[in-house]
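Take a look at the structure below.
The values are calculated or read from the model by the stated rules, or taken from the named source; none is laboratory data. Just so it is clear, the model here is predicted, and its values are computed rather than measured. Positions of Cβ are backbone-derived with ideal geometry, glycine not excepted, and every protein chain shown enters the neighbour counts.
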Amino acid sequence: MEHKKTIVVKVGSSLLANTERLTPRWAFMHHLMEDIARLRESGAKVILCSSGSVALGLNTIGERPETAGLRDKQAAAACGMPLLLNAYKQVAHEYSFEIAQVLVTLRDLEDRNRFLNTKNTVDRLLDANIMPIINENDTITTEEIRVGDNDRLSAKVAQMVQADELVILTQVEGLFDKDPADPSAVLVEEVTDVSPYLAVTEGVSSLGSGGMLTKIQAAHMAQNAGCDTRIADGEIERPVTSVLNGERRHTKVFADKQPASAWANWLTDRLQMAGSIVIKAAAATALEDGPQNIGREDVISIQGPYVKGDVIHVYDESGKELARALTNFSSDETMALARNVEISALQLLGYKTGGTLITDKNMIVLSDRHLQWDLPDGNDMTEVASSG
């Protein structure tokens, strides 16, 4: 049986909303939805990750992008979401297909059960031949608990549905080797390793929350899952198919030939750091041979707060990130256990437990394929002064 491609398309606010008037850019939406209809008619499953609700709602509450605060953006999202979905629905009906809205928060993607529940919803919509439109729920999220950009959200969605292609539409042709405003800048058309380009991808648009850095980070997450990523200009009559068919210039980030498992990708490709621990040299050395149990006696310092079941980052004393793993205890419980290694876990916590902080089956030791996160600032770390 012929494999039917699954394609995730991400579009940003600057393509969907007029910068000055903050109204829908209908011409772009028509080009986009007509092109998606072509893909669907060819048998592809398409998921759209769309920004735009905040930008489209700002007029309603009398604000501008440059002056809007968090509460303004939350209110604007509430006003703009029905405008955005109504626009999409009107255009989709012209091309005879149905859409559905899926709003997510950071916890929906970082918590395993909620991640799987979201996946089940998206899969069911695709089975019914309905195109999911996924966006972060900006109405209820705060800066501390939000995904932060729809580029990386789209990569998590690509991982979730095991997509073949992630197409990120923006207002430039793709990744350049320096600031695109520089006349000497050269388009990078093919990328296998994103690391060399991270330092030259800063800056964000006036309407969006992400720049080229978040697009490259998203591409890296997608390639870990075996998904190719295309970064391209969206201001084209056939914005998606012309890229997939190789008809115009863009940046292609190639998928890893041996992608990690869905579990490993969920565990390692985080959107935010819930917390971290620094472990002693002997425990760090042991991880060179693969995942190992981490005991309370192995911990030097802790950064939180985090809760049981969160994914935490594991560092050595030099600040090198070694692994990411599910924690068996909250940060407060971890601190109590690590500071009192001579006292039983039952006595400290009030319930029976072996006291192992991390088990090897819930750990991924980082490899060259992973982008390491810097160790949190020392002021955020709490030293373990064990009485043992």
Within region 1-33, residues surrounded by 18 or more Cβ atoms within 10 Å (Cβ to Cβ) and either assigned to a helix (DSSP H, G or I) or basic (K, R) (or both) come out as K10, S13, S14, L15, L16, R25, F28, M29, H31, L32, M33
Taking first residues from region 154-169 that are without any contact (Cβ under 8 Å) to a residue 40 or more places away in the chain and second residues anywhere that are assigned to a loop (DSSP other than H, G, I, E, B) and surrounded by fewer than 24 Cβ atoms within 10 Å (Cβ to Cβ), the pairs with Cβ under 8 Å that are 6 or more apart or on different chains are none
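Kindly state which strands (runs of 3 or more DSSP E) lie completely within region 309-388 and contain at least 1 residues that are over 30 Å from G226 (Cβ atoms).
Details: elements: 311-315, 321-326, 356-358, 363-365.
In region 309-388, the matching strands (runs of 3 or more DSSP E) lie at 356-358.
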Of the listed residues (A283, A255), the one being surrounded by 15 or more Cβ atoms within 10 Å (Cβ to Cβ) and closer than 28 Å to F115 by Cα is A255
Checking E321, E342 in turn, the sole residue that is at negative phi and at pLDDT 95 or above turns out to be E321
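Considering only region 56-76, I want to know if a residue exists there that is under 28 Å from T241 (Cα atoms), surrounded by 22 or more Cβ atoms within 10 Å (Cβ to Cβ), assigned by TED's automatic domain parsing to the domain that holds V243 and not basic (K, R). So that I can check it myself, show each step before the final result.
So the first thing to find is which residues in region 56-76 are under 28 Å from T241 (Cα atoms), and the list is 56.
The next check asks that each one be surrounded by 22 or more Cβ atoms within 10 Å (Cβ to Cβ); those that pass are 56.
Next, from what is left, pick out any that are assigned by TED's automatic domain parsing to the domain that holds V243: 56.
Remaining after also requiring not basic (K, R): 56.
Yes, because at least one residue in region 56-76 is under 28 Å from T241 (Cα atoms), surrounded by 22 or more Cβ atoms within 10 Å (Cβ to Cβ), assigned by TED's automatic domain parsing to the domain that holds V243 and not basic (K, R).
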For helices (runs of 4 or more DSSP H) lying entirely in region 207-285, having 2 or more residues that are touching a helix residue (DSSP H, G or I) at 6+ places or on another chain (Cβ under 6 Å) and in the same structural domain as G174 (by TED's automatic domain parsing) picks out 212-224
*Out of curiosity, is A255 hydrophobic (A, V, I, L, M, F, W, C) and in contact with an Asp or Glu (Cβ under 8 Å, 6 or more places away or on another chain)?*
yes
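Any idea which residue in region 86-97 is farthest from L39 (Cα to Cα), counting only those that are surrounded by fewer than 19 Cβ atoms within 10 Å (Cβ to Cβ) and touching a residue at least 24 places away in the same chain (Cβ under 8 Å)? Working first, answer last.
Quick first cut of region 86-97, residues surrounded by fewer than 19 Cβ atoms within 10 Å (Cβ to Cβ) only: 86, 89-90, 93-97.
Narrowing further to those that are touching a residue at least 24 places away in the same chain (Cβ under 8 Å): 94-97.
On the way: E94: 15, Y95: 12, S96: 13, F97: 12 Å.
If we take residues in region 86-97 being surrounded by fewer than 19 Cβ atoms within 10 Å (Cβ to Cβ) and touching a residue at least 24 places away in the same chain (Cβ under 8 Å), then E94 is farthest from L39 (Cα to Cα).
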Of the residues in region 101-140, those that are under 15 Å from the mean Cα position of the chain (by Cα) and of a type in the set (V, I, T) number 4
